[in-house]
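Working notes, structure below.
The values are calculated or read from the model by the stated rules, or taken from the named source; none is laboratory data. In this text the structure is predicted, and so the values were computed from the model without any measurement. Don't worry about glycine lacking a Cβ; one is built from the backbone with ideal geometry, like all the others, and counts go over all protein chains shown.
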Amino acid sequence: MLRAVEWLARQYPQAVAVASAGRRPLTYARLAEHINNVTTSLNTTGIGLDDRVAIALSNGPETVTALLAVLCCATAAPLNPTNAAAEFDFYLSELRVKALMIPAGWDSPAVRSARAQGIAVLEVSPVEKAEAGVFAMTGEDLVAPAHGGPPCGKDIALVLHTSGTTSRPKIVPLTHRNLLSSANHIRTTLGLTEKDRCMTVMTLFHIHGLMVTLSALLAGGSVYPIRFQPEQFFQCLDEFAPTWFSAVPTMHQAILRAAATHRDVIERSQLRFVRSSSAALPIRVKAELERVFNAPVIEAYGMTEAAHQMASNPLPPAERKAGSVGLAAGSQVAIMDGSGNLLPPGETGEIVIQGENVFQGYENNQEANADAFTNGWFRTGDQGFLDSEDYLFITGRLKDVINRGGEKISPREIDEVLLSHPAVEQAVGFPVAHPTLGEDVAAAVVLKSGMSAAEPEIREFVAGHVAPFKVPRQVLILDEIPKGPTGKLQRRALAEKLGLLVSDGTRPKSGTPYVAAIETVEAQLIQIWEGILAFRPIGIHDNFFEFGGDSLLAVQMLQRIEEVCGQRLLPTTLLAGPTIKHLGKVLLQQQYAERASLLVKIQPGGAKRPFFFLHGDFTGGGFYCLNLARHLGEDQPFYVLAPFGSDGRPIPSTIEEMAAGYIELIRAVEPQGPYVLGGLCHGGMVAFEMARQLQRLEQKVDLVVMVGPPSWNPPRLRLVWNLISGTGALLGLGPDERLGLLLLLRERVLCLYQLYQHVRGRLKEVAALPLGEQAGWALRLTKRTARGVASRFVAGNRHPQNPNPNGASPDEKLQESDPPNIYLRQLAAHGMTRHVFRRALARYFRRPYSGRIGIFWPIDEPVSMPGEPVLKWDQVIDRSLRWRQVVSDLEVYGLPGNYPTLVTKNVQLLADLVKASLDKTSAPQ
């Protein structure tokens with residue numbers, strides 16, 4: 001490898017080898033110089049030929065140069081930087097690593113594991129203002145001297161682990177000859193030259209990503225390594241103008257999902273071809289890739305033991321056969337039966353290979369080697385056949401390895417982790433079909449007698465022992481695990497036996513019933529999921545991964561949540577509970593822990609008057625306000641006022657006191673008017689009272705926006721309230737007792753009034769009936785009326801705010817139970833806030849207001865006005881909802897949706913109408 005780097009530096013000294021955004025490109029001459037500096041430093045540290053250096057770096061230019069430097073003087077052992085602590089313990093020990101390369105300042109289980117095993121830790125940091133890939137390295141020196149001299153072809157260059165059907169992953173040692181042979185075969189197959197530019201999207205701890213990078217460099221071309229995300233992919237596609245890239249089918253599908261929003265970038269792209277490997281590429285995905293990028297897709301077949309490539313479809317104009325992984329490309333490929341005989345074309349058997357790129361055997365595993373090699377041929381464990389033109393077709397796998405989007409997972413490894421859980425008696429990991437990954441991991445467990453454990457707890461336990469991609473997306477807790485006729489577990493039949501097979505467009509058979517969103521934050525999350533998963537409807541208890549989610553979509557989803565809700569969720573949050581309900585709970589928990597003020601500046605805006613909005617979302621957190629503010633325009637300053645009590649402080653008992661408290665907050669920001677106010681539901685009513693009080697303070701209010709304002713007390717109820725207040729005071733009743741009496745009387749009066757209205761309407765109908773039908777109708781009416789009156793009066797005897805006849809309300813129970821965590825404390829606080837707001841509204845009476853008001857009503861919500869039955873929007877005669885009794889300058893808009901969807905799914909329409917109202921009054925300060 002060292003001689004190859006030196007030759008490239010002489011042949012293409014000023015050509016770009018490594019590029020990266022925001023960095024100067026690294027030429028081949030500077031690459032060789034930097035590698036020489038690093039290898040000298042490693043030798044000085046005590047690392048040399050035959051020593052093993054683990055590299056736990058994320059994709060980037062430094063990872064490329066670090067790998068090359070280690071390959072040129074020692075043996076590289078690239079590791080997944082997201083591995084769990086137990087995995088680092090195993091890999092570092094098993095590989096007999098002498099040093100570990102990590103990013104500078106990285107706090108990782110890898111560091112703790114290395115320290116515990118006495119392994120030197122080398123910290124890598126990019127050199128400021130230097131070329132892409134140039135890094136400084138610091139770390140302790142080793143006592144043992146380094147073995148000098150450059151490596152030769154037979155020396156081990158790379159060691160990787162590969163998963164099999166055994167519980168212990170096997171070590172694959174690859175020599176310099178293996179790597180260079182494979183890289184040259186890839187270069188030849190793809191016709192790579194010094195004019196090619198490769199975007200490296202595959203991880204560099206995977207043989208696929210590593211060999212794609214080496215083949216591009218050995219051709220004298222340039223590489224641009226990125227941490228794959230669709231947005232970054234298209235940014236690199238535009239800036240770097242790559243001529244090719246290679247990826248797994250999962251990535252290709254993610255790219256296609258994002259392609260529609262990057263048509264201009266695609267039109268400018270210079271892709272010569274697109275390559276796919278490491279998992280079967282669906283024919284429809286291949287066709288779509290070729291249509292979108294107007295470039296041929298080259299599907300190849302590779303594995304770690306062959307230093308990646310064994311077969312590949314050729315470039316046009318040669319034939320690329322649908323469903324085939326192509327012709328032998330580096331290795332000799334044959335088909336073998338169970339007795340070791342090579343089979344003729346057309347016959348199906350095990351795919352076997354041999355050649356310079358194929359390794360010589362697993363390290364320290366004679367038993368595995370005896371099974372893996374027959375007559376000099378390596379048995380891949382895959383099943384297939386060669387056609388008459390030597391094109392290879394793969395028909396299946398002989399092994400039980402789960403192929404999750406190119407990541408190979410040993411189910412036995414999952415079994416052992418599950419069985420180490422104290423409550424698990426039996427366990428089996430098995431594959432389930434996945435729409436984008438091909439396969440995903442599921443598990444079935446039987447619990448020990450007398451023990452209990454829930455699915456989230458078991459998944460969290462597994463997540464602490466394995467990398468995230470290995471964590472089962474479903475864990476079924478069973479009384480008995482189904483077995484085959486001989487009593488053996490049949491992994492690949494379990495999904496069907498347990499009813500986990502999914503058809504396109506149908507809900508997964510997980511047994512989880514559909515439950516719609518209740519809170520606005522849940523509605524927002526559902527909207528995000530439905531857009532990313534391209535499936536609807538999604539319920540709050542549905543599992544992200546059961547509906548087609550994968551790790552790439554999870555990254556997009558978490559990024560979108562951060563954009564929409566302004567809160568960052570860690571990937572582990574999704575592992576702990578991949579449901580809308582869980583994510584909504586965590587978002588609210590984070591907001592509750594961080595909130596320091598009821599007044600939050602969402603959008604600084606420009607010269608317009610600030611819009612102060614009472615989000616009124618007791619349990620949804622008001623996250624919808626981020627989208628509302630964004631749609632109002634970047635030039636509109638936007639402040640959010642959270643409900644009193646959401647910060648844990650005392651809650652004012654009246655609407656008037658709440659309004660006064662909010663006025664104090666907004667005047668600290670904006671001492672003088674004109675003011676623009678608004679609010680959702682209860683918040684709208686408080687905003688109305690704020691406007692009245694500001695007018696009394698001789699402050700101008702340009703507009704009050706009321707989104708779905710609640711029902712209100714009729715003016716004549718004021719006389720009843722005054723009577724109750726006066727009489728109650730004489731009798732020694734406290735304020736709450738007087739209010740309770742008012743609510744009870746109001747309930748009875750409204751019940752009787754609605755009954756009167758109902759009977760009156762029915763009597764008008766019966767008057768038009770023939771005389772013979774009137775008697776039967778009267779009897780049916782009497783029975784229904786009696787049942788209705790009884791149910792209403794029984795309901796009325798309960799606490800006005802307590803629908804639970806058996807005791808305290810859920811909110812009060814939360815208060816009494818001393819909640820053990822912040823989320824329950826938050827629910828208790830929100831429950832009390834809702835309770836106080838309801839009672840405050842019950843004693844609030846609207847008074848005339850001389851300013852301008854806009855009412856925005858969600859037409860799917862029922863309309864409840866005092867003294868009238870509950871109506872649908874199209875049944876309402878007075879669309880002003882009787883607000884014209886107190887407001888003369890009034891605009892009323894009916895918008896599609898209910899409370900949650902109006903401010904989530906339909907927030908763009910709401911914002912457009914609100915903006916139009918604001919524009920009528922807004923003027924630069």
Checking GLY678 against (1) of a type outside the set (A, V, I, L, M); (2) closer than 25 Å to GLY605 by Cβ; (3) modelled with pLDDT under 90, the condition it does not meet = (3)
ASP874: assigned by TED's automatic domain parsing to the domain that holds ARG852 and within 13 Å of ILE855 (Cα to Cα), yes or no?
-> no
Within segment 824-837, is even one residue at pLDDT below 85 and farther than 24 Å from GLY616 by Cα?
-> no
Filter segment 697-712 for residues that are more than 15 Å from ARG884 (Cα to Cα) and part of a loop (DSSP other than H, G, I, E, B); the one that is modelled with the lowest pLDDT is PRO710
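Table: residues versus (1) without any contact (Cβ under 8 Å) to a residue 24 or more places away in the chain; (2) farther than 29 Å from THR175 by Cα.
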position	(1), (2)
ALA260	yes, yes
PRO282	no, yes
VAL285	no, yes
ALA300	no, no
ALA318	yes, yes
LYS321	no, yes
GLY326	no, no
GLY338	yes, yes
GLU356	no, no
When restricted to VAL16, VAL38, the only residue over 17 Å from GLY220 (Cβ atoms) and among the aliphatic types (A, V, I, L, M) is VAL38
If we scan segment 57-64, do we find a residue that is farther than 30 Å from PHE469 by Cα and touching a residue at least 40 places away in the same chain (Cβ under 8 Å)?
-> no
Hey, does segment 367-387 have a residue that's surrounded by fewer than 17 Cβ atoms within 10 Å (Cβ to Cβ), part of a loop (DSSP other than H, G, I, E, B), among the polar types (S, T, N, Q) and within 33 Å of the chain's Cα centre (by Cα)?
-> no
Within segment 79-91, the count of residues that are crowded, with 22+ Cβ neighbours inside 10 Å and out of contact with any helix residue (DSSP H, G or I) (no Cβ under 8 Å at 6 or more places or on another chain) comes to 2
With respect to VAL248, is the statement that it is among the β-branched types (Val, Ile, Thr) and in contact (Cβ under 8 Å) with a residue 40 or more places away in the chain true?
-> yes
Taking LEU574 as the residue in question, decide whether it is part of a helix (DSSP H, G or I), modelled with pLDDT of 80 or more and within 26 Å of THR82 (Cβ to Cβ).
-> no
Touching a strand residue (DSSP E or B) at 6+ places or on another chain (Cβ under 6 Å) and not hydrophobic (A, V, I, L, M, F, W, C) - does that describe any residue in segment 653-663?
-> yes
Test result for ALA368, modelled with pLDDT under 95 and not assigned by TED's automatic domain parsing to the domain that holds ARG473 | yes
Of the residues in segment 73-87, how many are modelled with pLDDT under 95 and either over 20 Å from GLY118 (Cβ atoms) or touching a Pro at 6+ places or on another chain (Cβ under 6 Å) (or both)?
-> 6
Going through segment 455-483 in order, the residues found to be of a type in the set (A, V, I, L, M) and surrounded by 15 or more Cβ atoms within 10 Å (Cβ to Cβ) are ILE458, VAL462, ALA463, VAL466, ALA467, VAL471, VAL475, LEU476, ILE477, ILE481
In segment 109-132, the residues that are aliphatic (A, V, I, L, M) and crowded, with 16+ Cβ neighbours inside 10 Å = ALA110, VAL111, ALA114, ILE119, ALA120, VAL121, LEU122, VAL124, ALA132
Over segment 308-330, the set of residues of a type in the set (S, T, N, Q) and either touching a helix residue (DSSP H, G or I) at 6+ places or on another chain (Cβ under 6 Å) or modelled with pLDDT of 95 or more (or both) is GLN309, SER312, ASN313
Filter segment 850-908 for residues that are within 26 Å of ARG696 (Cβ to Cβ) and among the polar types (S, T, N, Q); which is modelled with the highest pLDDT?
-> SER850
Among the residues of segment 92-108, which ones are more than 20 Å from LEU179 (Cβ to Cβ) and either surrounded by 22 or more Cβ atoms within 10 Å (Cβ to Cβ) or touching an Asp or Glu at 6+ places or on another chain (Cβ under 8 Å) (or both)?
-> LEU92, LYS98, ALA99, LEU100, ILE102, PRO103, ALA104, GLY105, TRP106
Of (1) surrounded by 23 or more Cβ atoms within 10 Å (Cβ to Cβ); (2) without any contact (Cβ under 8 Å) to a residue 60 or more places away in the chain; (3) under 36 Å from the mean Cα position of the chain (by Cα), GLY22 satisfies every one except (1)
